[in-house]
1. For a footprinting-style exposure proxy, rank 17, 40, 45 by other Cβ within 10 Å, fewest first.
2. List, largest first, the extents of the alpha carbons of the range 2-77 along their principal axes, each in whole Å.
3. Just grab the label-to-label distance for residue 47 and residue 63, each label 7 Å out from Cα along the Cβ direction, in nm (one decimal).
4. Pop out the ³J(HN,Hα) list for the range 12-23 in order, Karplus 6.51 cos²θ - 1.76 cosθ + 1.60 with θ = phi - 60°, rounded to Hz; leave Gly and Pro as x.
Amino acid sequence: MDLVVTYDIDTSTPRGERRLARVAKVCEGYGVRVQYSVFECRLSEVEALHLGHKLEDVIDPAVDSVRFYHIPGSFEDLRTSIGKAVPHSWGQPWIT
């Protein structure tokens, strides 16, 4: 399944800044960063559940939020972009 993961982490404290770094690191293990707090992921249902559980363990639900948008179809068919492109191929390294 294709999904978009977005997050808003309260960074008003040093602990919040550490949570932000940890959330980004978790997401980097599952998808491609397309904007600062936005990742595109192509995952199985089990992988998506693991991602959700890992993020639940990292965030502070009183001040942080994470959203998952399940995309019907594929990103290639549904994505329209304007401006700077973020090229990537699934299963290939995207940082060179």
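We did not get these values from a lab; they are worked out from the coordinates using the rules stated. Computed from a prediction, not measured in an experiment: that's the story for all the values here. Here the Cβ positions follow ideal geometry from the backbone for every residue, glycine too, while neighbour counts run over all protein chains shown.
1. So the ranking, lowest neighbour count to highest, is 45, 17, 40.
2. 40, 23, 19 Å, listed from the longest principal axis down.
3. 3.3
4. Coupling constants for the range 12-23: 6, 10, x, 5, x, 4, 5, 4, 4, 5, 5, 4 Hz.
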